[in-house]
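Presented below is the structure to which this report refers.
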Amino acid sequence: MARVDDAAPSPISAAPERVGFPLRTIGRIAVRSSSIVALAIAWEAFSRSGAVTPFMLPALSAVLERIWSDAIAGDLLLNIGTTLYRAIAGFLIAAAGGIALGFAMSRNRLAHWFFDPIISVGFPMPKIAFLPIAILWLGFYDVAKISMVVFDAIYPVVTATIAGIAGVERELLWSARNMGAKERELSWQIALPAASPQIMTGLQVALPIALIVTIVTEMLMGGYGIGGAMMTASRFADSRGVFAGIVETAAVGFCLVRGMALVRRRLLVWHQEVQDPATA
């Protein structure tokens, strides 16, 4: 005679767990976004209190209305798409070049001897000071703006790659050498994967820098994009347009940072920081 397995959960006991999971997720999101909601409420209340004029600080509802009107007109999609194209293109070039350069400096003494002084001098410099040179050489269009993004975002990637490879445990390299691994295998199969968490940290730093530099170059050079739209609104004393650009920049930056964090979790699924629930 068949008997019912006592260990099997009943539908009645499983239902609360299925219901509780989305509730916990919603509660976690609500707690994390509470400061943003509080800031939005304070902005709206202060702008309507009469302490400032609508020109100095338009209400958040008016700014959102302006963003909605730009979205209907198609300007919002054009400006955000243009800014994202420049920022992501520059970031990808900086990521590829920074990892390659950092890897070469870590594994080759001549490369380290030549590039280390340049990285040491260039890292703390405000790279936006080279914008006039980029304009003289490359003009006012996308090539100059993307070049400035690459020039600024490549430094944290290079330094993170060097630090990550330098931090690889020597025991791993010694063990691989004793098992007959060649230098190329040590580099690609041991050093680079072991340094990937540090490299991802450098990429997470470089991505917001890419967006910041893109917005700044658009403000200074004009044209389409969020920064260019903000400067156009400023010239015409369009306060709502300026604050709309600020809100759009914040939203785009938040999405990029969250997306990069998701990519990190996907690529480092094998790492302890992802597997350990306390650090996830």
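Within region 104-123, the residues that satisfy the criterion of being more than 24 Å from VAL213 (Cα to Cα) and open to solvent by 70 Å² or more (accessible area, probe 1.4 Å) are ARG107, ASN108, ARG109, LEU110, HIS112, TRP113, PHE114. For region 2-25, the criterion of being modelled with pLDDT under 75, open to solvent by 100 Å² or more (accessible area, probe 1.4 Å), among the β-branched types (Val, Ile, Thr) and out of contact with any strand residue (DSSP E or B) (no Cβ under 6 Å at 6 or more places or on another chain) is met by at least one residue.
Within region 147-170, the set of residues being open to solvent by 20 Å² or more (accessible area, probe 1.4 Å) and either part of a helix (DSSP H, G or I) or among the hydroxyl-bearing types (Ser, Thr, Tyr) (or both) comprises SER147, VAL150, PHE151, ASP152, ILE154, THR159, ILE162, ALA163, ALA166, ARG170.
Of the residues LEU101, LEU57, LEU77, LEU64, the single one that is open to solvent by 30 Å² or more (accessible area, probe 1.4 Å), outside any helix (DSSP H, G or I) and in contact with a helix residue (DSSP H, G or I) (Cβ under 8 Å, 6 or more places away or on another chain) is LEU57. Right, LEU256: in a helix (DSSP H, G or I), open to solvent by 50 Å² or more (accessible area, probe 1.4 Å) and not polar (S, T, N, Q) or not? Against the criterion (in a helix (DSSP H, G or I), open to solvent by 50 Å² or more (accessible area, probe 1.4 Å) and not polar (S, T, N, Q)), LEU256 does not qualify. Scanning region 125-142 for residues that are in a helix (DSSP H, G or I) and open to solvent by 90 Å² or more (accessible area, probe 1.4 Å) turns up LEU136, TRP137.
The values are calculated or read from the model by the stated rules, or taken from the named source; none is laboratory data. This structure is a prediction, so every number in the text was calculated from the model and none was measured. Methodologically, a virtual Cβ is constructed for each residue, glycine included, from the backbone with ideal geometry; neighbour enumeration extends over all protein chains shown. Surface areas here come from the heavy atoms of the whole protein model, side chains and all, with no ligands, DNA or RNA. Shrake-Rupley method; radii C 1.70, N 1.55, O 1.52, S 1.80 Å.
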